[in-house]
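The values are calculated or read from the model by the stated rules, or taken from the named source; none is laboratory data. The shown structure was predicted, so the numbers you read here are calculated from the model rather than taken from an experiment. Don't worry about glycine lacking a Cβ; one is built from the backbone with ideal geometry, like all the others, and counts go over all protein chains shown.
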Amino acid sequence: MATERPQKKSTNSQTIIKNKRDAKSSLIGKVNSEDNKKTIPNEKTKTSLADKVNKSEASRPEVKKVETPKNNASSNVKKKVETNKKENKSKKKRQGKFYNSFFFKLSFIGRMMLVIMIVGVLILSVLGVNALMHKGKVVLGSRQEPVLVISNDDVSKVKSAVESAVSGADKISVDYAAYRLVIVADLNDSSTVNDGKDANKKIYNAVNSVLPISKYFDSKDKLNNDLYIYSSDTVPTNYETNSKYIYQTYKNSKMPKPYSYNLLKPRDKKSAKEVLETMEKAGK
């Protein structure tokens, strides 16, 4: 049989613990009440303290605020910095607009093609303007300058000499362009080829009297002037003619003597017939 232990009575210990707790709580309450009395002032003490503070502030002398002068150099630097920032912003905006334009959106080949097109348009526009400015003027080729250039006074002298030599002509014209002296004699409608031959001889001699052929139309080393003499019963117009003859006398610097022939009479009849047949076939 197990023996049961007797239960100890703990009533005395519990009452002792409760008494200790009550004593501690009463002590804590007293300490807190004393602290509150010390820290919390009365209304009278509050007002007295406020009056003292106001009197002390009123009795204090006013302290003037001393404004320190600003440094002019620092202010100028700040202004420059601000202006530089504004300029940089404006530049960035411009660059952004420029680089976002249509030209920079294209590829490299597209840009090159666009530049070539612009250059071509500019060249064509310049050529067009020059053509309009020189409208109605004869476009002359360039050649080597001759040994002796014929002046306008010489041309007028030649014309007067030719008119006196060929008195029966309806009209005589003398022109000098691109180092070529061209003389055209419009004879009577009743004139013949022989009349044209005689007129060309007279015109040649008249030119030689004013402008010596050996000086102005002959040269060994360099090119010199060319001489063209035409005589006809009617002057051709618009590359069409009803003339019976057009007699030409031609002389350049490399020819020892002038060459004369009728332009309307073919020198090779066979080749002339072939040319006429091909022209007729092409016209059909």
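The table below lists the values:
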| quantity | calculated |
| --- | --- |
| Residue list for segment 151-187, restricted to those being among the polar types (S, T, N, Q) and at pLDDT 90 or above | Ser151, Asn152, Ser156, Ser160, Ser164, Ser173 |
| Among the residues listed as Leu227, Leu211, the single one being touching a Phe, Trp or Tyr at 6+ places or on another chain (Cβ under 6 Å) and either modelled with pLDDT under 90 or within 24 Å of Ser173 (Cα to Cα) (or both) | Leu227 |
| Verdict on Glu145 being of a type in the set (Asp, Glu) and modelled with pLDDT under 70 | yes |
| Looking only at segment 151-166, and only at residues there that are assigned to a helix (DSSP H, G or I) and among the β-branched types (Val, Ile, Thr), the one that is farthest from Lys265 (Cα to Cα) | Val155 |
| Residue within segment 176-187 that is of a type outside the set (Gly, Ala, Ser) and without any contact (Cβ under 8 Å) to a residue 24 or more places away in the chain present | no |
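Conditions (1) surrounded by fewer than 16 Cβ atoms within 10 Å (Cβ to Cβ); (2) touching a residue at least 60 places away in the same chain (Cβ under 8 Å); (3) more than 55 Å from the chain's Cα centre (by Cα); (4) within 24 Å of Ser173 (Cα to Cα), marked per residue:
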site: Tyr204; (1), (2), (3), (4): no, no, yes, yes
site: Val207; (1), (2), (3), (4): no, no, no, yes
site: Leu223; (1), (2), (3), (4): yes, yes, no, no
site: Tyr250; (1), (2), (3), (4): yes, no, no, yes
site: Val275; (1), (2), (3), (4): yes, no, no, no
